[in-house]
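Some notes on the structure that comes next.
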Amino acid sequence: MYHKKSSLLIIILIAVVVCLIRCMNEVKAVDSRGRNFAGAVSCRQCHQAIYDSFISSAHYSSTSPAMKENIFGNFSAGHNKFKFNDTLTVVMEDRDSGYYQVLYEKGKEKNAYKFDIIFGCRNAQTSLYWQDNQTYELPVSFYDAEKVWATSPGFSETHPDFKRFIGTDCFECHSSNIKSLLNASTSGITQEMEKGSLIYGIDCERCHGPAKAHVLYHLENERDTVSKYLLLNGSLNRQQKIDGCALCHSGNDKLKIESRFRFRPGDSLDNYFMPKDTGSKVSDFDVHGNQYGLLKESKCFKNTST
């Protein structure tokens, strides 16, 4: 009788451990966007060729962690400095704890700022560093065409600034998600972000929508080749298709009224932006361009409706 009770107890304990492991894995597997998302890696199970092509695209690398394989810039002596003025120089250094932009004043180190997040993978790379729960842009970027370090877009060429705050507006077009929180205090309203929630790059579900139900269904029904639980691009009209791209490729001359992270295939861009008041001050400087505006002016676009 004692042995039977012991065996039963062992079986119960094993069952409890298995349940705990499953629960832990389920929690760990939850995408930071919510339980309706599966994560881009899950797409490879059925779409290997498409996924393997996707990971070499500019969208995939629109943001990436600042690791050796992701940084283009030269950190070797003689190729890693940018002189702002007679007293201030920024040196890009490879240290044991990571890559840094180090500010030197009259040859003495004043402060070091770590490369944490890389923006871009073609033509140029701009980087951010974390300070508490906020990100700031580093003042020196690498321009791949010229193979040189130079000031980041919009930065002074004579005075390095390490305090340009980068909020979710930039992440909305350079990543797939990052959670944020607005805090009100006597000094004003500040935005903080959750580091662990950042999903690098523009992944499959940014353009195709939440795919958890789609993935689970087709893994269990491998013979069913008709796509289920996912809005197909072919079912959208021309403007709906264009709006999916124009979300991030139509310039910055409009007033945003809703987070781009909420956009789903089939949504209208009018629900996310509205024209700015004629009296509003619009910055003349914008490195992003307006690809949608240029497309609308092309002959092929004007001569077709589908």
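Residues that are in a strand (DSSP E or B), farther than 29 Å from Cys43 by Cα and open to solvent by 30 Å² or more (accessible area, probe 1.4 Å) occur in the stretch 263-285; there is at least one. Which of the residues belonging to the stretch 111-126 are on the phi > 0 side of the Ramachandran plot and crowded, with 19+ Cβ neighbours inside 10 Å? Correct list: Gly120 only.
Counting just the residues of the stretch 219-241 that are of a type in the set (D, E, K, R) and in a helix (DSSP H, G or I), which one comes out most open to solvent (accessible area, probe 1.4 Å)? Walk me through how you get there before you give the answer.
Keep residues of the stretch 219-241 that are of a type in the set (D, E, K, R), which gives 220, 222-224, 228, 238, 241.
Okay, now just the ones that are also in a helix (DSSP H, G or I), so 220, 238, 241.
Details: Glu220: 147, Arg238: 65, Lys241: 84 Å².
Top of the filtered list is Glu220.
Let me spell it out: the conditions are (1) among the hydrophobic types (A, V, I, L, M, F, W, C); (2) open to solvent by less than 80 Å² (accessible area, probe 1.4 Å); (3) closer than 19 Å to Ser175 by Cα, and Met67 meets all of them except one. Which number is the exception? Condition (2) is where Met67 drops out.
Does at least one position in the stretch 71-80 carry a residue that is outside any loop (DSSP other than H, G, I, E, B) and free of Cβ contacts under 8 Å to residues at least 24 places away in the same chain? No, that holds for no residue.
Filtered by the rule that a residue be open to solvent by 70 Å² or more (accessible area, probe 1.4 Å) and assigned to a strand (DSSP E or B), the stretch 88-110 gives Asp94, Arg95, Glu105, Lys108, Glu109, Lys110. Candidates in the stretch 50-64 are the residues that are open to solvent by 80 Å² or more (accessible area, probe 1.4 Å) and free of Cβ contacts under 8 Å to residues at least 60 places away in the same chain; of these, the one that is nearest to Tyr143 (Cα to Cα) is Ser56.
Only residues that are free of Cβ contacts under 8 Å to residues at least 12 places away in the same chain and either loosely packed, with under 12 Cβ neighbours inside 10 Å or part of a loop (DSSP other than H, G, I, E, B) (or both) were counted in the stretch 28-49, giving 6. Scanning the stretch 87-134 for residues that are of a type in the set (S, T, N, Q), more than 30 Å from His59 (Cβ to Cβ) and in contact (Cβ under 8 Å) with a residue 24 or more places away in the chain gives a single hit, Asn111. Taking the stretch 142-197 and the strands (runs of 3 or more DSSP E) fully enclosed by it, the elements with 3 or more residues that are within 24 Å of Ser61 (Cβ to Cβ) are at 148-151, 164-166, 175-177. Per the listing Ala15, Ala29, Ala49, the residue uniquely more than 22 Å from Tyr129 (Cβ to Cβ) and at pLDDT 95 or above is Ala49. For the stretch 148-186, give me each residue that is open to solvent by less than 70 Å² (accessible area, probe 1.4 Å) and β-branched (Val, Ile, Thr). Of everything in the stretch 148-186, those that are open to solvent by less than 70 Å² (accessible area, probe 1.4 Å) and β-branched (Val, Ile, Thr) turn out to be Val148, Thr151, Thr158, Ile166, Thr168, Ile178.
The values are calculated or read from the model by the stated rules, or taken from the named source; none is laboratory data. As the structure is a computational prediction, the values presented were derived from the model and not from experiment. Don't worry about glycine lacking a Cβ; one is built from the backbone with ideal geometry, like all the others, and counts go over all protein chains shown. In case anyone asks, the SASA skips ligands and DNA or RNA and just uses the protein heavy atoms, side chains included. Shrake-Rupley method; radii C 1.70, N 1.55, O 1.52, S 1.80 Å.
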